[in-house]
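Asks: Mind looking over this structure? Questions follow.
The values are calculated or read from the model by the stated rules, or taken from the named source; none is laboratory data. Because the structure is predicted, anything quoted here is derived from the model rather than measured. Cβ placement follows ideal geometry from the backbone for every residue including glycine, while neighbour counts extend to all protein chains displayed. The protein model used for the area step is the full one, side chains on, heavy atoms only, and it has no ligands, DNA or RNA in it. Shrake-Rupley method; radii C 1.70, N 1.55, O 1.52, S 1.80 Å.
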Amino acid sequence: MSETLAAQPVENAGRQAPSPASGKAITTLSEHIVEVISDSGEGAQVCGQSLGAIAARMGNGVWTLEIIPAEIEPPARSTEGASGSRIRLGSGRMTNCGDQADLVVAFNEQVLLARLRAGEFKPGCIVLLESLWRTHPDKEIAASYLQTHARLAAAGFRVYEVPMERECRSLVADARRGANMFALGMLCGLYSLDLRLAREQVARAFGSKDAGVVAANVALLEAGHGWAEAQLDFKFRIPALRSLEPQIVVNGNTALALGVLASGMEICAMYPITPATSASHYLSNVFEKVGGVVHQAEDEIAACSFAIGASYAGKCAVTITSGPGFSLKQEAIGLAVMGEIPLVVVNVQRGGPSTGQPTKAEQGDLLAAMFGSHGDAPKVVMAASGIEDCFYSIITARKIAETFNMVVVVLSDANLATSQQPFPRPKFSEAWMAPPADQSAVPEGARPYDWNALTGLARRFVPGQPEGMHTLTGLAHDRRSRVAYDPEINEEGIHSRSLKLAALQKTLKTPPVFGDPEGELLVAGWGSTQGAIEEAVGRLRAEGCKVSSVHLRFLQPLPPGIKELMQRFKAVITIEGNWCDRREDEIIDEGNRRYSALAMLLRSRYLVDVDCWSEVRGQPIKPGTICRVIREALERNREAARR
Amino acid sequence: MTITAPECLLRLYEEHPDLEDYQGGAPRWCAGCGDNAILAAVQRLCRDEALRPEKTAFISGIGCSSRFPHYMKTYGFHGIHGRALPVAEGVRMARPDLHVFVSTGDGDCCSIGAGHWIHAVRYNMNMTVFLHDNHVYGLTKKQASPTSPRGLRTNTTPRGAYLEALNPLTVTLGVQNASFVAQAVDWIPEILYSIVSAAFHHKGFSFVRILQRCPKFLPDLFDPWLHDPQKVLVLTHDNGLQLSPGLAKVHKNRREHDPADLDRAREIASGADPIPVGILYRNPGVPCYEDLRRSGKLRTGAFVRAGLEAELDKFTIWPQGHA
Ligand SMILES: Cc1ncc(C[n+]2csc(CCOP(=O)(O)OP(=O)(O)O)c2C)c(N)n1
Ligand code: SF4
């Protein structure tokens, strides 16, 4: 710990709550990163999300990230129990959680230490620390508090002690429970947010409770606001670029679930698993209202099979899971590929392998999504690149699944799952909806697998269609769906199923390049990293670096034009949240280096020398880290050119 | 519109299906395989009930017995090993208008798919399930199955199966929401047909275990029962199975059993010799999962849209100044 602390330059000594500040100057900022952290169950997440929502309503750009402890009931006042949220507020659009926090509200010093050790705070970061512990009857606790306080101050953090609980005592019976709203009020004051909007937000957050609860929380909010106005000697303002459009604020999992609603699918089969489950929680609550069903199956194999059964019977279904569950579904996915049954499989990736890091972000399942089933099992793999994209990906996936009679895997991850960002409210389109199951008679002579020689596509026969009777089988089969072991027939089936990917590829567009279409370095990414990569590339371009980026939503098939796009750059590097071997390791050389998933795909498909950089720290990759990586890559490439 | 009597007869004749209307590809089971008898009974049922072939779906897993759907001229789904039941559940949930049948082997159902089996009983979705129990793995060439009798020599138990056999009847009857449990044997076609028919008419998860001969790998396993009708205990009741006078003459070992009596059913189910044959348990009062889950609302685009917009409203931030 001491190294971390020592690394922070001394700027300002910590201080007790200062005397009332009147007419204090307001500092204008273009953005700020705030963290609210507590023991789990103390409501820091509600506080953070409410802050984000209020700022968004004022027209600010917002990204909120949940800080989640790995255990359900971690011990109180423990570093592993740190729970809460990070809220990045800005004038413009915020596309990721940023680098280090500028201001933190901590409910005890232990949870603060957890984040500090993880390097999450800027040097000189403002710390608003619950002061209750200073006078705690347990001598050890008080000593720990005092020690931490002193070290933080010595390390240059601007520490303000805030008697949150004491201030709440006069307002609510359980002051411990009220501190989060007090903190919200304080933050609203500090960031000059509209108190009227804040009251409305509190009313929304507690809307399902009775009026007394709302009133008590509004009182806490106002108390926090008043306290900050009176006691703190600083205040900020982040000018908002007002949006004229209505926006929705949801996390990636809710966006996925809304996408399921909007896609017209009516059956979702799942088995609980972190971090995917909250999508199904939300869906379970709302799906029935529109005649849908969330089936909690006995395991993931059953969930996938159930969805396949429903799809086979004419209602394209979705199954939502995370890593371990995705592994279990693989055999059934292969069946859907073989039978050409449309199916949407969502994998909200977490850390792996095995149980790995259930609540942490990782992008480790791309190759499993592409190649997970045995045999040649071509399926479509998409990755949501942001929260808004979680919504639209599902709609697109359902459409592709039914048009091509294919399995479409949609990858999200733990970062998107719990992060929130406002995006324009989707405008409903009739075209999103799944058509009703075809029940018309099948024309005479038509066969269930009349593969088109060009595209591999065949019209599917759905139960209920007169004259379409056949037995779908996972065995190799001919055009009539008869089991066949003929060499030609087996090849014809595999050939046709493969062609469908090519047919889909022909309909895809080359993704846009962020930055100039040529230069020294192209950064390629996929999934949740888009915001961070583009922010980093933007920063470096502003410094004059000739770097651009491209982000892939379709990983299988890869869209056209990628090779040409890459060739306009001197070098290409992928940035990914999965493992690649480190060049620095003595034993690693070109002959044995394992590349990151996307790098491997690009190298093998296009014979282009794509480098990669990755990190598997369970955290979203930060723009600052990416800047460093890009700088190093540019330097390495220049050096290589000189040699 | 009225039609004349001869016309009506003609229509009846034309519309009434024949067995051929349900016969798919020629069965490829070994000669004498008990699966043939099950197929014959089921095709007869389809004909007698005049099921519309396009509205009927046979779902199976993997195994000799799971080839069943290929031999029907209905919709069929020959899936993966052990997963017939969850696939059938998905079909049923999506399409309550279809008749859903499942064929599964003792390995398929009681081993690799055992978890699904337990839960399928509990879901009690309306489908008719045939457990083709030949006490051995047929397709993979004679390995022990969970229902292999102790001591049975197979390729994986060359010195005899080590464990007592699992009893699919007691297991099923032990699960909450069991609503129809019956047992038949492939070698008494009339009783097999009656039970298949009763299973079809029960609304809920109708589980029929059928003792099925595998002459290829266990040619004389069932011989003692085959040759001695006394070793078959026929369960009869006004609300259950009734024997024709002909059969009654052969099967004198009978017992009155009320299918409503769960305790008795469990007691009977635990007996293996004589083999109980008949309807062990039936409870039409158990709700079906699909009925609990489906609202029956018509999902028009406008309806879904209204639901989506209402949800979006909850998360919408209107620009300031918006009412
Ligand atoms: C996942 C998987 N494991 C194993 C197999 C191999 N396999 C096919 S059928 C079967 C057992 C068949 O026995 P049973 O279910 O009793 O059916 P029967 O052939 O006797 O009718 C096995 C083990 C498979 N197809 N899939
Ligand atoms: S191996 Fe046995 S179960 Fe399989 S078809 Fe032949 S007789 Fe029937």
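Asks: When Cβ neighbours within 10 Å are restricted to other protein chains, what is their mean count per residue of peptide B:46-57? Write out the running numbers ahead of the final one.
Replies: Working: counts 0, 0, 0, 0, 0, 0, 2, 4, 12, 5, 3, 8.
The per-residue average across the peptide is 3.
Asks: In degrees from 0 to 90, rounded to the nearest 10, what is the angle of the helix B:5-15 Cα long axis to the longest principal axis of chain B?
Replies: Its long axis makes an angle of about 80 degrees.
Asks: Note the buried accessible area between A and B here, summed over both chains, with a 1.4 Å probe, in Å² to the nearest 100.
Replies: 5500 Å²
Asks: Applying a 10 Å radius around every beta-carbon, put A:335-343, A:431-439 in order of their mean neighbour count, most first. Provide the component values of the computation, followed by the final result.
Replies: Details: A:335-343: 25.3, A:431-439: 15.2.
Ranking, from highest mean packing down: A:335-343, A:431-439.
Asks: Then there is this: Work out the count of Lys pairs in region B:16-298 where the Cα-Cα distance is under 17 Å, with the pair 8 or more places apart or on different chains. Don't skip to the end; give the middle numbers.
Replies: On the way: B:Lys55/B:Lys73; B:Lys55/B:Lys203; B:Lys141/B:Lys216; B:Lys142/B:Lys216; B:Lys231/B:Lys249; B:Lys231/B:Lys252.
Here the count comes out as 6.
Asks: Okay, next question. In terms of the Cα gyration tensor, with a ≥ b ≥ c the square roots of its eigenvalues, is chain B rounded because a/c is under 1.5, prolate because a/b exceeds b/c, or oblate?
Replies: prolate
Asks: Less than 18 Å apart at the alpha-carbon level, and either on another chain or at least 8 residues along: which lysines does that give for A:Lys506?
Replies: A:Lys506 reaches A:Lys379, A:Lys399, A:Lys563.
Asks: Using only Cα atoms, what is the ratio of the radius of gyration of region A:191-349 to 2.2 N^0.38 Å?
Replies: Here the answer is 1.45, to two decimals.
Asks: Still on this structure: Could you check what % of the DSSP bridge pairs in region B:16-298 are antiparallel, to the nearest 5?
Replies: Close to 20 percent.
Asks: Separate question: For A:Lys570, which aspartates and glutamates qualify as cross-link partners when the Cα separation must be under 16 Å and same-chain residues fewer than eight apart are set aside?
Replies: A:Asp516, A:Glu518, A:Glu520, A:Asp609, A:Asp611, A:Glu632, A:Glu635, A:Glu639
Asks: Take every DSSP beta bridge with both residues inside the protein assembly as shown and express the antiparallel ones as a percent of the total, to the nearest 5.
Replies: Looking only at bridges with both residues in the protein assembly as shown, the antiparallel portion is about 30 percent.
Asks: Just the accessible area per residue of the protein assembly as shown, please: how many Å² with a 1.4 Å probe?
Replies: Value returned for the protein assembly as shown: 39 Å² of accessible area per residue.
Asks: Under the rule of -39500 (n - 2.57) per DSSP H run of 4 or more residues, summed and divided by the residues of chain B, what mean residue ellipticity at 222 nm is obtained, to the nearest 500 deg cm²/dmol?
Replies: Values: 11 runs with 105 residues, N = 323.
Here the helix-only value at 222 nm equals -9500 deg cm²/dmol.
Asks: Which lysines, if any, have their Cα less than 24 Å from the Cα of A:Lys360, not counting same-chain residues under 8 positions apart?
Replies: A:Lys122, A:Lys329, A:Lys622
Asks: How far apart, in nm, are the 7 Å Cα→Cβ label points at B:Asp220 and A:Arg593?
Replies: According to this spin-label approximation, the distance is 7.1 nm.
Asks: Could you work out the mean count of beta carbons from other protein chains within 10 Å of each residue's beta carbon in A:284-291?
Replies: 5
Asks: Which residue fluctuates most in the GNM of chain B (Cα springs below 10 Å): B:Gly160, B:Gly307, B:Gly204?
Replies: B:Gly307
Asks: Give me a comma-separated list of calculated 3J(HN,Hα) values for region A:90-107, in order, Karplus coefficients 6.51, -1.76, 1.60 applied at θ = phi - 60°, integers in Hz, x for any Gly or Pro.
Replies: x, 6, x, 6, 9, 10, 6, 7, x, 9, 10, 6, 9, 8, 9, 10, 10, 8
Asks: Measure off 7 Å from each Cα along the Cα-to-Cβ vector at A:Gln296 and A:Ala203, then give the distance between these two points in nanometres to one decimal.
Replies: Going from the A:Gln296 label point to the A:Ala203 one covers 3.5 nm.
Asks: Which peptide among A:608-615, B:210-217 comes first, and what is the full order, when sorted by highest mean count of other Cβ atoms within 10 Å? Kindly include the intermediate steps, with their values, before the conclusion.
Replies: Working: A:608-615: 19.9, B:210-217: 22.1.
Per-residue Cβ counts within 10 Å, averaged per peptide and sorted highest first, yield B:210-217, A:608-615.
Asks: Report, to the nearest whole %, how much of the accessible area of the protein assembly as shown belongs to carbon and sulfur atoms, 1.4 Å probe, protein only.
Replies: The computed percentage sits at 53.
Asks: Taking R0 as 51 Å, what's the FRET efficiency between A:Glu430 and A:Arg628 from their Cβ-Cβ distance, rounded to 0.05?
Replies: With a Förster radius of 51 Å, E is 0.60.
Asks: Choose one answer from B:Gly301, B:Gly174, B:Gly76: the residue with the largest mean-square fluctuation in a GNM of chain B with alpha-carbon springs under 10 Å.
Replies: It is B:Gly301.
Asks: So, one more: Estimate the FRET efficiency between B:Glu256 and B:Glu190 by the formula 1/(1 + (r/R0)^6), using the beta-carbon distance for r and 22 Å for R0, to the nearest 0.05.
Replies: For B:Glu256 and B:Glu190, the calculated efficiency is 0.70.
Asks: Based on the mean of other Cβ atoms within 10 Å per residue, sort peptides A:575-583, A:448-456 so the most packed one is first.
Replies: Ranked from most to least packed, the peptides come out as A:575-583, A:448-456.
Asks: Another question, then. Given R₀ = 25 Å, what would the calculated FRET efficiency be for B:Asp21 paired with B:Gln242, taking r from the Cβ atoms and rounding to 0.05?
Replies: In this case the efficiency is close to 0.35.
Asks: Using a 1.4 Å probe on the heavy atoms of the protein chains only, list every residue of region A:258-273 that has 20 Å² or more less accessible area in the complete assembly than in its chain alone.
Replies: Those are A:Leu258, A:Leu261, A:Glu266, A:Ile267, which lose 20 Å² or more relative to the chain on its own.
Asks: Hey, what angle do you get for helix B:189-201 against the long axis of chain B, alpha-carbon based, 0 to 90 degrees rounded to 10?
Replies: The two axes meet at around 20 degrees.
Asks: While we're here: About its Cα centre, what dipole magnitude does the protein assembly as shown give when the only charges are +1 on Lys and Arg Cβ and -1 on Asp and Glu Cβ, stated in debye to the nearest 20?
Replies: With only Lys, Arg, Asp and Glu charged at Cβ, the dipole is about 840 debye.
Asks: Mind checking the dipole of region A:434-576: about its Cα centre, +1 per Lys or Arg Cβ, -1 per Asp or Glu Cβ, Debye to the nearest 20?
Replies: 140 debye
Asks: Continuing with the same structure: Other chains' Cβ within 10 Å of A:238-249 residues: what's the mean?
Replies: 3
Asks: Among all stretches of chain B without exposed GluC sites (Glu not before Pro) (DSSP loop, at most 16 other Cβ atoms within 10 Å), which one is longest?
Replies: That would be B:165-323.
Asks: If I build a Gaussian network model for chain B, linking alpha-carbon pairs within less than 10 angstrom, which residue out of B:Ser65, B:Ser270, B:Ser295 has the largest mean-square fluctuation?
Replies: Result for chain B, Cα springs under 10 Å: B:Ser295 fluctuates most.
Asks: A follow-up question, please. Please determine, in degrees from 0 to 90 and to the nearest 10, the orientation of helix A:530-542 with respect to the longest principal axis defined by the Cα atoms of chain A, where the helix direction is its Cα long axis.
Replies: 70 degrees
Asks: Give, as ranges by residue number, the residues of region A:155-169 whose backbone N falls under 15 Å from the point 7 Å along Cα→Cβ of A:Phe234.
Replies: Answer for this model: A:155-162.
Asks: Lys/Arg Cβ at +1, Asp/Glu Cβ at -1, dipole of region A:513-642 taken about the Cα centre: which of A:Gly618, A:Trp579, A:Ser548 is farthest positive-ward?
Replies: Checking the options against the dipole of region A:513-642, the answer is A:Ser548.
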